[in-house]
Ligand SMILES: *Cc1c(COP(=O)(O)O)cnc(C)c1O
């Protein structure tokens with residue numbers, strides 16, 4: 001039987017041909033390769049789609065976080081409260097500007113940063129909160145926004161996994177001072193290479209980010225106000241992303257359908273299904289929309305997880321551990337601040353297993369994964 005990968009990018013691309021090849025050929029012939037018309041058009045389309053005043057392309061999701069934090073004025077001595085249960089880029093960006101990542105625990109159900117833990121970690125040096133909408137599920141923005149207002153903190157949202165996720169119809173990336181998106185190929189809106197995006201409602205922040213991404217110049221030419229970066233979104237990627245943007249809502253809907261099918265097939269299995277917010281469901285947001293970048297279950301322990309992964313591999317079924325080591329236990333963050341015990345993050349790291357999920361995953365594939373998993377349990 002054909003192997004089932006975590007994500008089938010080829011299937012996704014095939015559905016968008018010949019349009020993708022067409023736009024690539026157009027850019028090649030046009031030759032405006034750097035900050036050309038597609039970058040500009042995509043930025044306008046994305047600002048509109050996401051409901052923000054400004055959307056600014058850059059070279060990666062990591063750069064999007066970095067540029068947002070730097071433009072927000074964060075620097076040495078400032079503390080930024082974030083989650084340890086995320087990809088390392090979230091905290092790398094804090095370190096890049098010289099600020100201090102302060103790791104607090106997650107809510108064990110949503111895997112997102114726990115607002116009560118954030119509140120308990122605020123000191124006089126705290127300047128910002130950096131929530132991650134992990135696996136495509138929005139963080140509790142109502143509680144975080146209330147805290148930020150009360151303590152005059154900035155919020156930078158890590159939306160790398162949450163393109164299209166929303167709370168009461170409002171898109172992630174439009175709640176805080178800025179949002180940072182990634183167009184890494186496997187993300188919900190993925191390019192054919194690296195790319196990123198910063199969103200904001202703030203005109204001054206947007207102007208500063210435009211300057212920072214292009215060597216610290218405000219206009220074309222050789223007047224450099226600050227030491228910036230070469231972090232532009234590539235024109236070819238922008239052209240590809242414009243085609244994919246037309247389909248991303250439908251593709252997210254397909255991800256949600258796969259998740260619903262898994263839920264039904266696994267309802268009696270001896271594991272913890274991912275929490276999905278809904279009316280009356282606490283914790284979190286009663287009306288938030290999960291876009292299932294990942295479908296992540298919790299197993300009993302590490303030993304059971306390795307055994308199950310081996311069984312799945314034997315049947316050609318991929319699975320993945322996002323993330324095996326919380327950031328406060330990474331050698332790279334050995335000196336980071338950890339105000340409290342991060343038990344839920346450590347527990348999730350030991351027990352989490354992400355199953356294959358992608359637009360176009362068919363019923364037979366979903367059943368094969370669910371049945372193999374149930375049998376292995
Ligand atoms: C992918 C990802 C990033 C980084 O994005 P890149 O485009 O790969 O630099 C940051 N944060 C999270 C949570 C991610 O999943």
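For region 347-365, list residues with backbone N below 20 Å from a point placed 7 Å from the Cα of residue 320 toward its Cβ?
Backbone N within reach: 348-362, 365.
Which residues in region 309-327 have a backbone N closer than 12 Å to a point placed 7 Å from the Cα of residue 303 along the Cα-to-Cβ line?
Under 12 Å, as judged by backbone N against the label point of residue 303, lies no residue of region 309-327.
Please label the shape of region 176-322 as rounded, prolate or oblate, based on the square roots a ≥ b ≥ c of the eigenvalues of the alpha-carbon gyration tensor (a/c under 1.5 means rounded; beyond that, a/b larger than b/c means prolate, else oblate).
Prolate.
Which part of region 192-236 falls in the paramagnetic zone of residue 15, meaning amide N under 18 Å from the point 7 Å along Cα-to-beta-carbon?
192
Computed FRET efficiency, Cβ-Cβ of residue 168 and residue 260, R0 25 Å: what is it to the nearest 0.05?
Working: r = 21 Å, r/R0 = 0.83.
Once rounded, the FRET efficiency stands at 0.75.
What share of the DSSP beta bridges in region 153-300 is antiparallel, in percent to the nearest 5?
Of all bridge pairs located within region 153-300, approximately 75 percent are antiparallel.
Could you give the length gained on full extension between residue 125 and residue 311, defined as 0.36 nm per residue of separation minus the Cα-Cα distance, in nm?
Extra length available between residue 125 and residue 311 comes to 62.1 nm.
Where the convex hull is taken over the Cα atoms of region 1-108, what is its projected area averaged over directions, in nm²?
If you wrap the Cα atoms of region 1-108 in a convex hull and average its projections, you get 11.2 nm².
Between residue 253 and residue 22, what FRET efficiency comes out of the Förster formula 1/(1 + (r/R0)^6) with R0 = 35 Å and r the beta carbon distance, rounded to 0.05?
Numbers: r = 25 Å, r/R0 = 0.71.
Efficiency computed from Cβ-Cβ geometry: 0.90.
By counting other Cβ atoms within 10 Å of each Cβ, how are 62, 86, 172 ranked from fewest to most?
Starting with the residue having the fewest Cβ neighbours, the order is 62, 86, 172.
Quick one: length gained pulling residue 150 to residue 269 fully straight, 0.36 nm per residue minus the C-alpha distance?
Between residue 150 and residue 269, full extension yields an extra 38.5 nm.
Taking the Cβ of each residue in 352, 159 as the centre, tally the other Cβ atoms inside 10 Å and list the residues starting with the fewest. Walk me through the numbers on the way to the answer.
Values: 352 23, 159 35.
If I rank by nearby Cβ atoms, fewest first, I get 352, 159.
Could you list 306, 288, 60, 162 so that the one with the fewest beta carbons within 10 Å of its beta carbon is first and the one with the most is last?
306, 60, 288, 162
If you wrap a convex hull around the C-alpha atoms of region 6-57 and split its volume per residue, what is the figure in Å³?
Working: hull volume 6.0 nm³, N = 52.
Taking the convex hull of the Cα positions in region 6-57, it is 115 Å³ per residue.
With an 8 Å cut-off on Cα pairs and a minimum separation of 6 or more residues, tell me the relative contact order of region 75-180 in percent.
Value for region 75-180: 23 percent.
Using a simple spin-label model with points 7 Å from Cα along the Cα→Cβ vector, what separation in nm is obtained for residue 202 and residue 217?
Here the answer is 2.6 nm between the modelled labels.
If you average the sequence gap of Cα pairs under 8 Å that are 6 or more apart and divide by the length of the chain, what percent do you get for the contact order?
Worked out over the chain, it gives 23 percent.
Values quoted throughout were computed directly from the atomic coordinates according to the rules given, and no laboratory measurement underlies them. Just so you know, these numbers come straight off a predicted model, no measurement behind them. Backbone-built Cβ (ideal geometry, glycine too); neighbour counts: all protein chains shown.
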